[in-house]
Amino acid sequence: MTRTKSIALAFYLGAALAGAAVGVAVDRLVVGVGPRPYDRGQMRARLFNDLHFTPAQRDSANTIFDERNRADSILMSPVRPATDSVNSHARQRLLQLLTPDQKSIYEQMQRDNAPRTEKK
């Protein structure tokens, strides 16, 4: 390969890496700003605000979503023990991979997520 081609290739590679780094940084900043995807309250509020719902529409939509969540809970109750078992097994296997410092961080993450899990 000629020197010119090598320089061009290095330039393109550098530009691609810089673009990827900027993309990742922007994505993390944007994701951090929005509501967490599992926070139903924030998701509802955003939907209601973005669609400019009236108070009556909010009440009706809340009723619809609450009924859907109750129906979903009823449908999932027979399989919940099986999914809990699969998740527990995966968690135990993951813990075996972690260093003590990583375990500490992971356990804190689990404690932070506990209120969300209890809502289900």
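Taking the condition of being part of a helix (DSSP H, G or I) and within 22 Å of ARG40 (Cα to Cα), how many residues in segment 68-86 meet it?
Number satisfying all stated conditions: 12.
As for segment 31-40, it holds no residue that is surrounded by 10 or more Cβ atoms within 10 Å (Cβ to Cβ), over 22 Å from ALA114 (Cβ atoms) and modelled with pLDDT of 80 or more. Which ones in segment 77-120 are in contact with a Ser or Thr (Cβ under 8 Å, 6 or more places away or on another chain) and modelled with pLDDT of 90 or more? None; the set is empty.
The values are calculated or read from the model by the stated rules, or taken from the named source; none is laboratory data. Remember, predicted model here, so these are calculated numbers, not experimental data. Don't worry about glycine lacking a Cβ; one is built from the backbone with ideal geometry, like all the others, and counts go over all protein chains shown.
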